[in-house]
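The values are calculated or read from the model by the stated rules, or taken from the named source; none is laboratory data. What you see is a predicted model, and the numbers here were worked out from it, not measured in a lab. Cβ sites come from the backbone with ideal geometry, for glycine too, and all protein chains shown count toward neighbours. Areas reflect the complete protein model, heavy atoms only, side chains present, ligands, DNA and RNA absent. Shrake-Rupley method; radii C 1.70, N 1.55, O 1.52, S 1.80 Å.
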Amino acid sequence: MVPHNLADALAEAGRRMDARNWVPGSAGNLSARIDDQTIAITRSGVHKGRLTAEDVIAVDYAGNALAQGTKPSAETLLHCQLYRLFPPVGAVLHGHSVAATVLSMQGAITFSNYEILKAFGFATHELDVVLPVYENDQDIARLAAWIEPLLVRDPPVGYVIAGHGVYAWGTSVEHAYWRLEALEFLLSCELERRRIK
Ligand SMILES: [Zn+2]
């Protein structure tokens, strides 16, 4: 049910995220839009650096698995929400990096005057870009409902859940990976900058 090319692209993104230490343990989840009814997403409890085709399953936009006996990642509803709200989104990647985890426990994150901000389509580096930090909540449906008006009002370049990790997205798995990499670079810079202050 999940096209091979999408499963392969997600497995490759998982390996790359693992190589950067962004998905420790069974952390993180990766997804891609199949069509206007179906999403491919990693199943619960698997290591994202060692994904096989069986580890990527199909769900509907309400987060329900389409094949019996498969269980999607706990945070599936956050992925579904991004596909529902933003039609250009083709893939969503979520990891738990050290920089995102530590920085988000200190409150809001603003990136100012970094050249790499141009990776998000801005024409200049001379700007302040806020990366929203949302409170963590184990009730994912409640968390999704709470952040929905915030995402709609002011679509961010990505977001962080406090003490938890980053959500990044793009038009394809490769594009989402680029944007995640740029966000992780910015988070690492910000962490270093605060260290030497
Ligand atoms: Zn997570």
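Only one of these is open to solvent by 10 Å² or more (accessible area, probe 1.4 Å) and either in contact (Cβ under 8 Å) with a residue 12 or more places away in the chain or within 15 Å of the ligand (Cβ to nearest atom) (or both): Ile140, Ile196, Ile161. Name it.
Residue meeting the stated conditions: Ile140.
Check Gly25, Gly95, Gly63 and return the single one that is under 30 Å from Leu191 (Cα atoms) and in contact with a Leu (Cβ under 8 Å, 6 or more places away or on another chain).
Checking each option against the conditions leaves just Gly95.
Would you check if there is a residue in region 78-89 being open to solvent by 10 Å² or more (accessible area, probe 1.4 Å), within 16 Å of the ligand (Cβ to nearest atom) and at pLDDT 95 or above?
No, region 78-89 contains no residue that is open to solvent by 10 Å² or more (accessible area, probe 1.4 Å), within 16 Å of the ligand (Cβ to nearest atom) and at pLDDT 95 or above.
Scan region 53-69 for residues that are touching a residue at least 24 places away in the same chain (Cβ under 8 Å) and out of contact with any Pro (no Cβ under 7 Å at 6 or more places or on another chain) and jot them down.
Start the filter on region 53-69 by keeping residues that are touching a residue at least 24 places away in the same chain (Cβ under 8 Å), which leaves 53, 55-58, 61, 66-67.
Listed by number, the residues that qualify are Ala53, Asp55, Val56, Ala58, Tyr61, Leu66, Ala67.
Would you check which residues across region 96-130 are touching a strand residue (DSSP E or B) at 6+ places or on another chain (Cβ under 8 Å) and either of a type in the set (Lys, Arg) or within 16 Å of the ligand (Cβ to nearest atom) (or both) and list them?
His96, Ser97, Ala100, Thr101, Leu103, Ser104
Taking the residues in region 12-39 that are among the small types (Gly, Ala, Ser) and touching a His at 6+ places or on another chain (Cβ under 9 Å) as candidates, determine which candidate is modelled with the lowest pLDDT.
Initially, region 12-39 is screened for residues among the small types (Gly, Ala, Ser), giving 13-14, 19, 25-28, 31-32.
Pick out the ones that are also touching a His at 6+ places or on another chain (Cβ under 9 Å) and you get 14, 25-28, 31.
Working: Gly14: 98, Gly25: 94, Ser26: 89, Ala27: 94, Gly28: 96, Ser31: 98.
Among them, the one singled out is Ser26.
Mind telling me which of the residues Ala58, Ala53 ends up being modelled with pLDDT of 95 or more and not aromatic (Phe, Trp, Tyr)? Break it down stepwise before answering.
Working: Ala53 fails: modelled with pLDDT of 95 or more.
Result: Ala58 is the single residue among Ala58, Ala53 that is modelled with pLDDT of 95 or more and not aromatic (Phe, Trp, Tyr).
Restricting to region 1-54, name every residue that is within 16 Å of the ligand (Cβ to nearest atom), farther than 19 Å from Leu183 by Cα and not in a loop (DSSP other than H, G, I, E, B).
Ile41, Thr42, Arg43
Confirm whether Arg179 is away from the ligand (no atom under 13 Å from the Cβ), of a type outside the set (Gly, Ala, Ser) and in contact (Cβ under 8 Å) with a residue 40 or more places away in the chain.
yes
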